[in-house]
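See structure below.
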Amino acid sequence: MSSNPVADNFLASAAARLQLSRKTIASCLEKLTDEQMWHRGGDHENSIANLLLHLEGNMRQWILHGIDNQPDVRRRDDEFTLTPSTQSAAAHAAFNATLDEAAGVIASLDPTRLPIVIDPQPNGTWRNATILEAIFKVVSHLDHHTGQIILLTKQLLHRDLDLTMPRKR
């Protein structure tokens, strides 16, 4: 713990929120086949597997590269391939490994680094963000796509998932 309880709480909450999204996504994925994971309603849509690749790349670039100074190995265009590029289980495993590593970086971050400006995506539209902003962006981005994965899973299975509190029917 640092002498800044607000920063400590932000970092702990961000790391915990990543793990909560991972649990929700895993609950969806365990119900789906490999074919369903790669299903698209059209070329203009993302499959659940695409979303896993995209989220893994985003966390890797913004947290592991931007904050932890690891090499930037992201190939963003590959995340949106129209044809299956890997087994969905491999995409899920890579997503989990990167999420665990990113959550670890966030949880162990020195709070005094939060105002430092980074530029993990020099060719992107989000330039020169503070580390605090980068963490907030990644957590909210993951939440956004988690909601999409939930909706796509419900549509593929034609049923509710009862992920939180089951509804009366």
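The values are calculated or read from the model by the stated rules, or taken from the named source; none is laboratory data. Since the structure is predicted, the reported quantities are computational estimates derived from the model, not experimental observations. Counting neighbours? That spans all protein chains shown, and the Cβs are built from the backbone with ideal geometry, glycine included. Accessible surface areas use protein heavy atoms only, side chains included; no ligands, DNA or RNA. Shrake-Rupley method; radii C 1.70, N 1.55, O 1.52, S 1.80 Å.
Shape analysis of segment 30-82 places it in the prolate category; the axes a ≥ b ≥ c from the Cα gyration tensor give an a/c of at least 1.5, with a/b above b/c.
Contact order for segment 66-169, expressed relative to its length and based on alpha carbon pairs under 8 Å spaced 6+ residues apart, stands at 20 percent. Taking the average, over residues, of other Cβ atoms within 10 Å as the packing measure, peptides 33-39, 133-139, 44-50, 3-9 rank 133-139, 44-50, 33-39, 3-9 from highest down. Hey, how many Å between the Cα centroid of segment 52-77 and the Cα centroid of segment 110-146? With segment 52-77 and segment 110-146 each reduced to a Cα centre, they are spaced 11 Å.
Excluding same-chain neighbours fewer than eight residues apart, the aspartates and glutamates reachable from Lys23 by a Cα-Cα span under 18 Å are Glu56, Asp100, Glu101, Asp143, Asp160, Asp162. Nonpolar atom fraction for segment 65-131, defined as the carbon and sulfur part of the 1.4 Å probe accessible area, stands at 52 percent. Summing charges over neighbours of Ser108, with a neighbour being any other residue whose Cβ is under 14 Å away from its Cβ, gives -4 when K and R count +1 and D and E count -1. The C-alpha atoms of the chain define a longest principal axis, and helix 131-157 lies at about 10 degrees to it. Highest mean packing first, where packing is the average number of other Cβ atoms within 10 Å per residue, the peptides 55-65, 102-112 line up as 55-65, 102-112. Determine, at each q value in 0.10 (inverse angstroms), the log₁₀ of I(q)/I(0) that the Debye formula gives when each Cα of the chain is one equal point scatterer. Rounded to two decimals, the profile gives -0.40.
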